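Okay, so here's the structure we're looking at.
The values are calculated or read from the model by the stated rules, or taken from the named source; none is laboratory data. This one's a predicted model, so the numbers in the text were calculated from it and none came from an experiment. All Cβ positions, glycine included, derive from the backbone under ideal geometry; neighbour counts span all protein chains shown. In case anyone asks, the SASA skips ligands and DNA or RNA and just uses the protein heavy atoms, side chains included. Shrake-Rupley method; radii C 1.70, N 1.55, O 1.52, S 1.80 Å.
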Amino acid sequence: MGPLPRTVELFYDVLSPYSWLGFEILCRYKNIWNVHLQLRPSLIAGIMKSSGNKPPALVPSKGKYLTNDIKLLGQHVQVPIRIPKDFFSVILEKGSLSAMRFLTAVNMEHPEMLEKVSRELWMRVWSRAAEKAGMSTEGARALLEKISTPQVKNQLKETTEAACKYGAFGLPVTVAHLDGQTQMLFGSDRMELLAYLLGEKWMGPVPSAVSARL
């Protein structure tokens, strides 16, 4: 019998392209590193407000840099990110409250589908109008009806507050639980450091043992 898997939490929001990069890298490595990956849908707007932070895209020079940075990172990590034509409308106006409540409902009712449904929502925001994640129309409709329930609203709020308690000021945030201690890492570019903390080998964002095709 091998060692028990270590727990790694990933707090994310589908509005964050960097969250998608971190999400895919951790999904590729979870079995290689023998970690129990807990996906934690959170609300980036709530984290920004709690920490006093502001979206980097609000600063014109940062916004210009981010569009190229996201494009290059998508190519490097092999994640099909495409910047929406209405980028600022998507990021600053539409928000992600309904999407993250939906993922919270998925996590509460069908946790085994959370990874796939999260990926499909990222595809819709940042890539293409993707195929369904395999959930029936009736099942999806039932979950949509739950996004305005107190249970779902409170769960999303509690998860977002949990990220803030770890010290989050943006997303993605990865929290590793090791030997009774927690280590919070911010950003999708901290996975090599996570490997170091876990005592595991880092083989780049696309380890040869898995397929990166999305």
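Worth pointing out:
- Residues that are more than 21 Å from MET100 (Cα to Cα) and basic (Lys, Arg), drawn from region 26-82: ARG28, LYS30, LYS62, LYS64, LYS71
- Check on LEU26, touching a His at 6+ places or on another chain (Cβ under 9 Å) and not in a strand (DSSP E or B): no
- Under the condition of being without any contact (Cβ under 8 Å) to a residue 40 or more places away in the chain and open to solvent by 80 Å² or more (accessible area, probe 1.4 Å), the residues counted in region 162-180 number 3.
- Residues that are β-branched (Val, Ile, Thr) and within 19 Å of PRO111 (Cβ to Cβ) within region 133-171 comprise ILE147, THR149, VAL152, THR159, THR160, listed in sequence order.
- Scanning region 1-58 for residues that are aliphatic (A, V, I, L, M) and within 18 Å of TRP122 (Cα to Cα) yields a count of 10.
- In region 1-60, the residues that are under 11 Å from the mean Cα position of the chain (by Cα) and either of a type in the set (Asp, Glu) or farther than 20 Å from GLN155 by Cβ (or both): GLU9, ASP13, PRO17, TYR18, TRP20, LEU21, GLY22, GLU24, ILE25, LEU26, CYS27
- Selection status of GLY22, modelled with pLDDT of 95 or more, open to solvent by less than 30 Å² (accessible area, probe 1.4 Å) and touching a helix residue (DSSP H, G or I) at 6+ places or on another chain (Cβ under 6 Å): no
- Every residue from region 28-41 that is over 13 Å from GLN78 (Cα atoms) and either among the hydroxyl-bearing types (Ser, Thr, Tyr) or open to solvent by 10 Å² or more (accessible area, probe 1.4 Å) (or both): TYR29, LYS30, ASN31, ILE32, ASN34, VAL35, HIS36, LEU37, GLN38, LEU39, ARG40
- Qualifying residue in region 133-156 (condition: surrounded by 15 or more Cβ atoms within 10 Å (Cβ to Cβ), at pLDDT 85 or above and not in a helix (DSSP H, G or I)): yes
- Top-ranked residue of region 191-205 - restricted to ones that are open to solvent by less than 60 Å² (accessible area, probe 1.4 Å) and touching a residue at least 40 places away in the same chain (Cβ under 8 Å), ranked as nearest to THR7 (Cα to Cα): LEU198
Listed here are the residues, each with its yes/no results for (1) open to solvent by 90 Å² or more (accessible area, probe 1.4 Å); (2) of a type in the set (Lys, Arg); (3) not in a helix (DSSP H, G or I).
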site	(1), (2), (3)
ASN53	no, no, yes
LEU66	no, no, no
LYS71	yes, yes, no
VAL79	no, no, yes
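- Whenever a residue of region 71-87 is over 13 Å from TRP126 (Cα atoms), it has no partner that is open to solvent by 60 Å² or more (accessible area, probe 1.4 Å) and at pLDDT 95 or above lying with C-beta atoms less than 8 angstrom away and at least six residues away or across chains.
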